[in-house]
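Peer 1: Before anything else, here's the structure in question.
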Amino acid sequence: MPVQIIETTNITSENKCDYCSALCCSYITQELGTLRTMAEFDTLLWQVAHKDIHVFKDDNGWYLLSMTRCEFVLPDNRCGIYETRPLICREHSFDACEKDVPINEGCQHYFTQFDELDAYCRKRFKTWDQRIEKFEAQRNN
Ligand code: SF4
Ligand code: SF4
């Protein structure tokens, strides 16, 4: 089977979407804001334990990220509802997008696995490992 070689030297900010697999249409995020307490991070741990759920933090706080492709992406990676696409799609910047800097490289923390976030929480909270015993002790009183 012949191998297709894609010429990438002529990619510009104007045409780069033509060379992209619609990365920006392949996930959704939900802003969580500032998280401070162990209980909040424990909930985050539960969330990241789910398949295709990631969590990350940038200058605006924490976010949930769900790796799920929009049902309107066409086979050629274009938008199937371009004229009526939601506002958030219209606001998305082409200048500095996921094709230039993947989200996991442009944020302060990015976790895809329970164990990774658990290790982060253990460093962040001295009593992280005691939280479960404490919870069970209180529940049994
Ligand atoms: S805006 Fe960026 S991520 Fe979205 S399709 Fe175009 S190049 Fe890809
Ligand atoms: S509505 Fe269109 S632009 Fe918006 S995420 Fe879906 S395919 Fe992409």
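Peer 1: Fully extended, how many nm does the chain gain between K134 and A119 (0.36 nm per residue separation, minus their Cα-Cα distance)?
Peer 2: Between K134 and A119, full extension yields 3.5 nm more.
Peer 1: Counting only helical runs of four or more DSSP H residues, what would the 222 nm mean residue ellipticity of the chain come to if each run contributes -39,500 (n - 2.57) and the total is spread over all its residues?
Peer 2: About -7500 deg cm²/dmol.
Peer 1: Can you give the charge dipole size of segment 16-134 about its Cα centre, rounded to the nearest 20 debye, using +1 on the beta carbon of Lys and Arg and -1 on the beta carbon of Asp and Glu?
Peer 2: 320 debye
Peer 1: Calculate the spin-label point distance for S66 paired with W46, positioning each point 7 Å from the Cα along the beta-carbon direction, and give it in nanometres.
Peer 2: Using points 7 Å along Cα→Cβ, the separation is 1.6 nm.
Peer 1: Let me know the longest stretch in the chain that avoids all trypsin sites (Lys or Arg not before Pro) found in a DSSP loop with at most 14 other C-beta atoms within 10 Å. Intermediate results must be reported in sequence, preceding the final value.
Peer 2: Values: sites that count: R36, K51, R69, R78, K126.
It works out to 79-125.
Peer 1: In addition: Using a cut-off of 18 Å between alpha-carbon atoms, which aspartates and glutamates can reach K126, once sequence neighbours fewer than 8 places away in the same chain are excluded?
Peer 2: Hits, sequence-local ones excluded: E40, D42, D115, E116, D118.
Peer 1: With unit charges on the beta carbons (Lys and Arg positive, Asp and Glu negative) and the dipole taken about the Cα centre of segment 16-134, which residue among V55, P75, L23 sits farthest to the positive side?
Peer 2: Selected residue: V55.
Peer 1: May I pose another question? So what are the three principal axis dimensions of segment 15-62 from its Cα atoms, in whole Å, longest to shortest?
Peer 2: So the three principal-axis extents are 45, 25, 10 Å.
Peer 1: When the C-alpha atoms of the chain are aligned to their principal axes, what extent does each axis show, in angstrom, from largest down?
Peer 2: Its Cα atoms span 65, 34, 33 Å along the three principal axes.
Peer 1: Let me ask you something else. How high is the relative contact order of segment 16-134, given as a whole-number percent (alpha carbon pairs under 8 Å, six or more residues apart)?
Peer 2: So the answer I get is 31 percent.
Readers should treat all values here as calculations from the given coordinates under stated rules, not as data from a laboratory. Please read these numbers as outputs of a predicted model, since none were measured by experiment. We place every Cβ from the backbone using ideal geometry, glycine too, and count neighbours over all the protein chains shown.
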